[in-house]
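One structure is given here, and the rest of the page talks about it.
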């Protein structure tokens, strides 16, 4: 069996959209494209995506079995597959790009992370800033970027790399941590973190796939906050206990190693190139606006 992605004649005169990795963000992207004029193929590692007008297939991204076959050169791929959980190389993107059969896509949109910049001690970071990933996770993401850039150059594929901050939205807010009581360093002794609402990220991915833009784009709301500020904002809006603030290492020892590493970096992400060149108007240009909308959506479901 193979994953067949048809030509642009499948749905009027537009090439198909291939969404590789249909999880939290990918499912929303697929749902948006499903209402348009382009055929949508969702490739997922878990189960089929239950959205009308979408062709969905399950693939093992570690082996790329079954293989993906592109029939026609008008496809656009949005790649959201996370790298493996260990090492410093992204073997999954290698499997995907090295084993595409048939035609290469017209456009490839890669989701990466602002973590590739490393620690800037609170300074502003734009796309021309040097990369210096400090964690293995960020190193794997940078490896994805470099491999995709080399592949796109060799195959004359238009490439957009989106370096994305922390994603939040419905069912992606730290409510359990607040309920259990979390201790964090005060704002005066902690770094800046950057985030984007999932609805805005969805719109940005669609704009990247539909536009003639190429290159690297930072993705955030442009309003960096300290972790304790963000968590207390969540607590305020969802009616939960605020963070316990302490600078004592003994009070922070219960944090996971991943959170400790996350808190050890500080940077403020400049999103002006994204806004300008992708013609983006953010729906939620601040965490407060995004969290209030998140609260309303989650409350309406209950």
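All of the numbers you see were taken from the coordinates with simple rules; none came from a lab. Keep in mind that this is a model prediction, so the values were computed, not measured.
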**OP:** Answer rounded, prolate or oblate for region 21-109, using the Cα gyration tensor with square roots of eigenvalues a ≥ b ≥ c: rounded when a/c is under 1.5, else prolate when a/b is larger than b/c, else oblate.
**Re:** oblate
**OP:** Could you check what % of the DSSP bridge pairs in region 110-197 are antiparallel, to the nearest 5?
**Re:** 10 percent
**OP:** Of the DSSP beta bridges with both residues in the chain, give the percent that are antiparallel, rounding to the nearest 5.
**Re:** 10 percent
Subject >> Between 0 and 90°, nearest 10: helix 287-301 axis offset from the chain longest Cα axis >> reply: 70 degrees
Original post:
Does region 171-228 come out rounded, prolate or oblate, given a ≥ b ≥ c as the square roots of the eigenvalues of its C-alpha gyration tensor, rounded meaning a/c under 1.5 and, failing that, prolate meaning a/b above b/c?
Top reply: oblate
Original post:
Relative contact order, percent, of region 70-209 when contacts are C-alpha pairs under 8 Å separated by at least 6 residues?
Top reply: 28 percent
Subject >> Percent RCO, i.e. relative contact order, over the chain, from Cα pairs under 8 Å lying at least 6 residues apart >> reply: 17 percent
**OP:** Could you state the angle between the C-alpha long axis of helix 198-210 and the longest principal axis of the C-alpha atoms of the chain, as a value from 0 to 90 degrees rounded to the nearest 10?
**Re:** 30 degrees
Subject >> Kirkwood hydrodynamic radius over Cα pairs of region 102-172, then Stokes diffusion coefficient at 20 °C and 1.002 mPa s, in µm²/s >> reply: 158 µm²/s
Subject >> Relative contact order for region 45-91, counting Cα pairs under 8 Å that sit 6 or more residues apart, in percent >> reply: 22 percent
